[in-house]
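The values are calculated or read from the model by the stated rules, or taken from the named source; none is laboratory data. Bear in mind the structure is a predicted one, so any value in this text is a computation, not a measurement. Glycine also receives a Cβ, built like all others from the backbone with ideal geometry; neighbour counts cover every protein chain displayed.
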């Protein structure tokens, strides 16, 4: 019998929910007024929000701790405006990463006149010696590269975390090799279902793992999409 790596599942239907006529937010970890003893940050991964934003609407966010802000659109494009009124548009197939200092504010806008959009809003805590001017948009494309995890962030970026994403056919599997044995591993199912290290994960479930060298995953549905973040422990 395969020995299970220690870990914690963050079920989709147990996330914190805040909703109004403008947006719906599903928080895997404690965020804002959502506080749950079992939903503390996972190492430097402090915020993992699944956001849905109404057509033509905006939300404002304030950074509590210096971090790398990560935006990953799932449907539609997101307009990000910082306090200096600099704007960035991030579309599907792109990941926007911005080093943000504590106290910084951002406006996140859905510019579509009739359609709601869905995006992931992530914060990875930065160390005090982090490079303070990092801002870059990375692109990825599943075309011709299915059934494999694509390295969204190249190794030369020098970020303290990596992001991989992949789209899989049913019963396709892959083995993710961690860069370091003391790394922290977080997986999130964007679409479909997977079996990952002996755990069954459905759509929008998350799984935190530690004390492992590799992670074995198998898609249980067609066009299943997985996001993986590896961080320094």
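Numbers below:
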{"item": "Residue selected from the stretch 40-53 under the condition part of a loop (DSSP other than H, G, I, E, B) and in contact with a strand residue (DSSP E or B) (Cβ under 8 Å, 6 or more places away or on another chain), by the criterion surrounded by the most Cβ atoms within 10 Å (Cβ to Cβ)", "result": "44"}
{"item": "Some residue of the stretch 50-58 being without any contact (Cβ under 8 Å) to a residue 40 or more places away in the chain, more than 15 Å from the chain's Cα centre (by Cα) and either under 21 Å from residue 123 (Cβ atoms) or not assigned by TED's automatic domain parsing to the domain that holds residue 119 (or both)", "result": "no"}
{"item": "Count of the stretch 6-18 residues which are surrounded by 17 or more Cβ atoms within 10 Å (Cβ to Cβ) and assigned to a loop (DSSP other than H, G, I, E, B)", "result": "1"}
{"item": "Every residue from the stretch 93-139 that is within 21 Å of residue 222 (Cα to Cα) and either out of contact with any strand residue (DSSP E or B) (no Cβ under 8 Å at 6 or more places or on another chain) or not assigned by TED's automatic domain parsing to the domain that holds residue 45 (or both)", "result": "none"}
{"item": "The stretch 19-39: number of residues that are part of a strand (DSSP E or B) and over 15 Å from the mean Cα position of the chain (by Cα)", "result": "4"}
